[in-house]
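Presented below is the structure to which this report refers.
The values are calculated or read from the model by the stated rules, or taken from the named source; none is laboratory data. Bear in mind that the values here come from a model prediction, so they are computed numbers and not experimental data. Here the Cβ is made from the backbone with ideal geometry for all residues, glycine too, and neighbour counts use every protein chain on show.
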Amino acid sequence: DAGITQSPRYKITETGRQVTLMCHQTWSHSYMFWYRQDLGHGLRLIYYSAAADITDKGEVPDGYVVSRSKTENFPLTLESATRSQTSVYFCASSQPGTASGYTFGSGTRLTVV
Amino acid sequence: GDSVTQMEGPVTLSEEAFLTINCTYTATGYPSLFWYVQYPGEGLQLLLKATKADDKGSNKGFEATYRKETTSFHLEKGSVQVSDSAVYFCAPLTTDSWGKLQFGAGTQVVVTP
């Protein structure tokens, strides 16, 4: 199906483990984004990407790594999970120059225990 | 840099009441403006947008007008329903080369029967 999908929907992991959150979009949008949403902080940008192999840090990048070898995929990796990374993570995509805004995935709820 | 200020929530209303959520922004130039809605347990969805001064965006009974003079984009609905209970985010599109959305903190709206 067309759209932007995130997986897994829910994830529980232990402190210190590496975990990867997946994001896949079918529109060939150039821009992709990762946000985390926490109570009291709204949406905070972690990383973004303008195209394959072009990524840059957002507001809260520490502890996260991204890659974008293909336009349609933008995985987010927590190298060594900490409890402070317990959050809901949203991926989004957009096409520059269209003023169409972002399309968001349904989110991944990550709990680090 | 660009920023956006939304009225704090929660906003609690009775069904059929009038809803206004204030949003003001600071930006270089004249950004496109967006309102997103997040229903419980879901990702953000585009509610409406306006791309130039005096434009009015509308959708699902909601309206917002791009006011260049006051740099505002207030969201309104004349008669809310219980199903409008959600968190609403105002977001100007930054005018830098990345075209990132700058999200407000979100305003929770609770509509009671």
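Tell me, please, whether a residue that is closer than 20 Å to A:PHE90 by Cβ and outside any strand (DSSP E or B) can be found in region B:42-56. Taking every residue of region B:42-56 in turn, at least one turns out to be closer than 20 Å to A:PHE90 by Cβ and outside any strand (DSSP E or B). Mind listing just one residue for me: the one in region A:79-104 that is in contact (Cβ under 8 Å) with a residue 60 or more places away in the chain and touching a Gly at 6+ places or on another chain (Cβ under 6 Å) and, of those, farthest from the other protein chains (Cβ to nearest Cβ)? Looking at the filtered set, the residue picked out is A:SER80.
For region A:1-11, the criterion of being of a type outside the set (A, V, I, L, M, F, W, C), buried (at least 18 other Cβ atoms within 10 Å of the Cβ) and either more than 18 Å from A:ALA81 (Cβ to Cβ) or more than 16 Å from the chain's Cα centre (by Cα) (or both) is met by none of the residues. Go through region A:12-26 and give me each residue that's surrounded by fewer than 19 Cβ atoms within 10 Å (Cβ to Cβ) and either free of Cβ contacts under 8 Å to residues at least 60 places away in the same chain or within 14 Å of chain B (Cβ to nearest Cβ) (or both). The answer is A:THR20, A:MET22, A:HIS24, A:THR26. Among the residues making up region A:64-94, those that are more than 13 Å from the chain's Cα centre (by Cα) and surrounded by fewer than 16 Cβ atoms within 10 Å (Cβ to Cβ) are A:SER69, A:LYS70, A:GLU79, A:SER80, A:THR82, A:ARG83, A:SER84. Against the condition within 13 Å of chain B (Cβ to nearest Cβ), hydrophobic (A, V, I, L, M, F, W, C) and in contact with a strand residue (DSSP E or B) (Cβ under 8 Å, 6 or more places away or on another chain), how does A:PHE33 come out, does it pass? For A:PHE33, the condition - within 13 Å of chain B (Cβ to nearest Cβ), hydrophobic (A, V, I, L, M, F, W, C) and in contact with a strand residue (DSSP E or B) (Cβ under 8 Å, 6 or more places away or on another chain) - is met. A:HIS41 satisfies every condition listed in (1) over 15 Å from the mean Cα position of the chain (by Cα); (2) surrounded by 15 or more Cβ atoms within 10 Å (Cβ to Cβ) except (2).
For region B:58-113, a residue qualifies if it is surrounded by fewer than 18 Cβ atoms within 10 Å (Cβ to Cβ), out of contact with any Gly (no Cβ under 6 Å at 6 or more places or on another chain) and within 14 Å of chain A (Cβ to nearest Cβ), and the qualifying residues are B:ASN59, B:ASP96, B:SER97, B:TRP98. If you take the residues of region B:100-113 that are part of a loop (DSSP other than H, G, I, E, B) and closer than 13 Å to B:LEU33 by Cβ, which of them is modelled with the lowest pLDDT? Among them, the one singled out is B:GLN102.
Yes or no, residue by residue, for (1) touching a Ser or Thr at 6+ places or on another chain (Cβ under 7 Å); (2) within 26 Å of A:LEU45 (Cα to Cα); (3) of a type in the set (Phe, Trp, Tyr):
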{"position": "B:LYS68", "(1), (2), (3)": "no, no, no"}
{"position": "B:GLY78", "(1), (2), (3)": "no, no, no"}
{"position": "B:ALA91", "(1), (2), (3)": "no, yes, no"}
{"position": "B:GLN102", "(1), (2), (3)": "yes, yes, no"}
